[in-house]
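One structure is given below, encoded as structure tokens.
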Amino acid sequence: MLEIEAKHEQCTICKHEYTSINTEISPGIKIYVCNTCLEAAKHNFIWVCMGCGKVYLRPKKMVIEKMADSELKRAYLMCEDMQIIQGLDMCIECDPAGIMNYMDAQKTAVC
Ligand SMILES: [Zn+2]
Ligand SMILES: [Zn+2]
């Protein structure tokens with residue numbers, strides 16, 4: 001049987017549009033992103049929690065301006081025009097204490 005890959009899945013970000021556009025945010029984990037959310041990703045960094053599915057969206061300008069670390073700031077500036085959607089193993093709601101360590105570990109893994 002042939003499988004038709006034109007199936008539409010619910011958008012992982014907004015959870016109301018259906019789309020066939022998908023991307024792998026970490027090995028083996030696919031998320032679906034509709035056109036509206038893809039457009040939003042040009043101006044915002046988007047993080048998706050793998051634990052609870054919660055989506056975090058932050059304006060790129062704001063995130064970059066707040067960065068104290070100049071190395072990190074430069075890395076993010078280079079991604080300013082890219083559509084970046086990253087997966088988090090857990091978010092502040094899944095693990096309020098653990099998220100801090102996770103964010104620290106994330107620092108080197110940009111782009
Ligand atoms: Zn969407
Ligand atoms: Zn979560």
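Quick notes on this one:
- The residues of the range 61-70 that are of a type in the set (Asp, Glu) and under 24 Å from residue 95 (Cβ atoms) amount to a single one, 69.
- Positions within the range 17-27 being assigned to a loop (DSSP other than H, G, I, E, B) and farther than 25 Å from residue 89 by Cβ, in sequence order: 17, 20
- Search result, residues across the range 28-60 that are more than 17 Å from residue 90 (Cβ to Cβ) and either small (Gly, Ala, Ser) or surrounded by fewer than 17 Cβ atoms within 10 Å (Cβ to Cβ) (or both): 28, 30, 35, 36, 39, 40, 41, 42, 43, 57, 58, 59
- Residues of the range 33-59 classified as assigned to a strand (DSSP E or B) and either without any contact (Cβ under 8 Å) to a residue 24 or more places away in the chain or within 16 Å of ligand 2 (Cβ to nearest atom) (or both), total: 10
- A Cβ distance below 7 Å, combined with a sequence gap of six or more or placement on separate chains, defines the contacts here; from the range 68-94, residues that are away from ligand 1 (no atom under 16 Å from the Cβ) reach residues that are basic (Lys, Arg) and open to solvent by 70 Å² or more (accessible area, probe 1.4 Å) in the pairs 72/107; 91/54; 93/54.
- Some residue of the range 1-16 being over 27 Å from residue 95 (Cα atoms), touching an Asp or Glu at 6+ places or on another chain (Cβ under 7 Å) and either open to solvent by less than 100 Å² (accessible area, probe 1.4 Å) or away from ligand 2 (no atom under 16 Å from the Cβ) (or both): no
The values are calculated or read from the model by the stated rules, or taken from the named source; none is laboratory data. Owing to the predicted nature of the structure, the values given are computational and were not obtained by experimental measurement. Virtual Cβ from ideal backbone geometry, glycine too; neighbours counted across all protein chains shown. Please note that ligands, DNA and RNA were not included when accessible areas were found on the heavy atoms of the full protein model with its side chains. Shrake-Rupley method; radii C 1.70, N 1.55, O 1.52, S 1.80 Å.
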